[in-house]
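Right, one structure below, let's go through it.
The values are calculated or read from the model by the stated rules, or taken from the named source; none is laboratory data. In this text, all values refer to a predicted model and were calculated from it rather than measured experimentally. Here the Cβ positions follow ideal geometry from the backbone for every residue, glycine too, while neighbour counts run over all protein chains shown.
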Amino acid sequence: MSSTPRNVILGSVLGLTSSAIFFGANLGISFIAVPTLLLSSPSSGLPVPANAENRASPTSTSSEKPWTSPPHLARQWQSIYDIGKKSGPFFALLASGCWLHAARRLSAESRSQQRLLVAAAGLSLAVVPFTFGVMKRTNDELTRRANAAEHGEEDDAKADARTGTVEAYQTHDLIRWWAQLNLLRALLHLGAIGSATASLIL
């Protein structure tokens, strides 16, 4: 690292900072924001009537349902998504641009460092096709439900949807699935961070 030009180091560090912000924000969404949205109803502490549904049963799917109604859940997800779609691409592009700039500033003898920085830039930009490819159907379905909720419509899973499709998921399950996809997307930036860090210590 001592022989690495100063502008390469600065570009790499700025790229690392931008990518770390993207990674940390998406990690927070998947592990903090989404679980908070999906909190289930608290127990009242009162005896359960004999004819009531056993919500505490491990086989009861209703015990996994959040307290928030499906339409409001979809709108809450939409709010998080709208914030992320404005800031996420900015940090991904900034990180990628910094690393490509740093790679171009390296001499021809530093091929290994160049390749690592280009790989970091590629992983950073990979979130774009991942979002518009892998996550598109899930995003579109949740957006459709959020838009329906804004018009006062109750729109959850479609009864006639084919099993296994996003349309067949209940809203809370679809948001859980989205959080997993979001985590996978964040891991692309973890790979980018690792690649860029390796280029600095060579």
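Only one residue in Ser60, Ser41, Ser3 is polar (S, T, N, Q), surrounded by 12 or more Cβ atoms within 10 Å (Cβ to Cβ) and modelled with pLDDT of 55 or more, so which one is that?
Selected residue: Ser41, the only one of Ser60, Ser41, Ser3 that is polar (S, T, N, Q), surrounded by 12 or more Cβ atoms within 10 Å (Cβ to Cβ) and modelled with pLDDT of 55 or more.
Before we move on, is Thr17 closer than 21 Å to Ser199 by Cα, under 22 Å from the mean Cα position of the chain (by Cα), part of a helix (DSSP H, G or I) and among the polar types (S, T, N, Q)?
yes
Does segment 129-142 hold any residues that are outside any loop (DSSP other than H, G, I, E, B), surrounded by 15 or more Cβ atoms within 10 Å (Cβ to Cβ) and not acidic (Asp, Glu), and which are they?
Passing the criteria: Phe130, Thr131, Thr138, Asn139, Leu142.
Condition check: modelled with pLDDT under 90, within 23 Å of Ser40 (Cα to Cα), assigned to a loop (DSSP other than H, G, I, E, B) and more than 11 Å from the chain's Cα centre (by Cα). Does Asp160 satisfy that?
The answer is no for Asp160.
Restricting to segment 82-99, give me the number of residues that are surrounded by fewer than 19 Cβ atoms within 10 Å (Cβ to Cβ) and not basic (Lys, Arg).
Number of matching residues: 9.
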